[in-house]
Amino acid sequence: MQIALREWTHDDAEWYVEQSMDPEILRFTTTEPTLTAEAVHTALDRLHVDDDALGFVAVDELTGSRLANLAASRHGRGAHASYWVARSARGRGVASQALRMLCQAAFDAWQIDEIRLWTHAGNVASRRVAEKAGFTYIESADETRVVNGNHWPARWYRLRRLASPLPEPPSAEPAEPAESRD
């Protein structure tokens, strides 16, 4: 499936709320079960004027169907990423592809050195997504976080910006012989 990222609009608010009420999203994200479309509208208004935040909806490139939520927030020389995938889009590679796209957008938009994300330790699927998207697990950063009044075991991941672009592959043409300086 080919996906694209686009900015959220107010027309997406009801869909966002509906998807956020999915039991798996409520179980493994910080979303409050009392979320309303009005609260989403307010969040979108803030997002659109905040230079330190990115937010996208991943859509099927062919149909335009909404698939996932992705966000990043900048903190100094780093950023924090988060995501969830609609139930109908799970298990099709959407999350890792969309997360890679979000990270590229963040590296393009901001002068940052790395992007971090955390997952609930029990969210094995999200941990796999992070690794497929190129993140590495930071064992020393494991912690317990309080989310919606519950204590969560959190696992942290990091994606570092490459120091320089990847080198071009060698040319298929033979190199010119070096001139002898005898």
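Screening A98 with (1) small (G, A, S); (2) in contact with a strand residue (DSSP E or B) (Cβ under 6 Å, 6 or more places away or on another chain); (3) surrounded by fewer than 19 Cβ atoms within 10 Å (Cβ to Cβ) gives one miss only, at (3). Count of segment 51-74 residues, restricted to those that are assigned to a strand (DSSP E or B) and among the polar types (S, T, N, Q), is 2. Among the residues making up segment 97-146, those that are of a type in the set (S, T, Y) and more than 24 Å from V59 (Cβ to Cβ) are T136, Y137, S140, T144. Scanning segment 86-101 for residues that are over 24 Å from E14 (Cβ atoms) and of a type in the set (S, T, N, Q) yields S96, Q97.
Which of the residues that make up segment 84-115 are assigned to a strand (DSSP E or B) and touching a Leu at 6+ places or on another chain (Cβ under 8 Å)? Answer for segment 84-115, where residues must be assigned to a strand (DSSP E or B) and touching a Leu at 6+ places or on another chain (Cβ under 8 Å): V85, E114, I115. Residues that are part of a loop (DSSP other than H, G, I, E, B) and either of a type outside the set (D, E, K, R) or within 13 Å of G55 (Cα to Cα) (or both) within segment 1-28 comprise M1, Q2, W8, T9, M21, listed in sequence order.
Checked against (1) at pLDDT below 95; (2) crowded, with 19+ Cβ neighbours inside 10 Å; (3) assigned to a helix (DSSP H, G or I), T31 passes all but a single condition, namely (3).
Listed conditions (1) more than 15 Å from the chain's Cα centre (by Cα); (2) modelled with pLDDT of 95 or more are all met by R74, apart from (1). When S73, S82 are checked against the criterion of being closer than 18 Å to R158 by Cα and touching a His at 6+ places or on another chain (Cβ under 7 Å), S73 stands alone in meeting it. Summed over segment 60-82, residues that are in contact with a strand residue (DSSP E or B) (Cβ under 7 Å, 6 or more places away or on another chain) and over 11 Å from W8 (Cβ atoms) total 12.
Tell me which residues, restricted to segment 123-157, are in contact (Cβ under 8 Å) with a residue 40 or more places away in the chain and closer than 17 Å to G91 by Cα.
Across segment 123-157, the qualifying residues are N123, S126, V129.
Put simply, of G149, G93, G78 the only residue that is under 21 Å from A53 (Cα atoms) and small (G, A, S) is G78.
Over 25 Å from I115 (Cα atoms) and not small (G, A, S), is that true of D51?
When the stated conditions are applied, D51 does not pass them.
To keep it simple, each residue is scored yes or no on (1) surrounded by 18 or more Cβ atoms within 10 Å (Cβ to Cβ); (2) at pLDDT 95 or above.
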| site | (1), (2) |
| --- | --- |
| D60 | no, yes |
| S88 | no, no |
| G93 | no, no |
| L102 | yes, yes |
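The values are calculated or read from the model by the stated rules, or taken from the named source; none is laboratory data. Computed from a prediction, not measured in an experiment: that's the story for all the values here. Here Cβ is always computed from backbone atoms with ideal geometry, including for glycine, and neighbour counts include all displayed protein chains.
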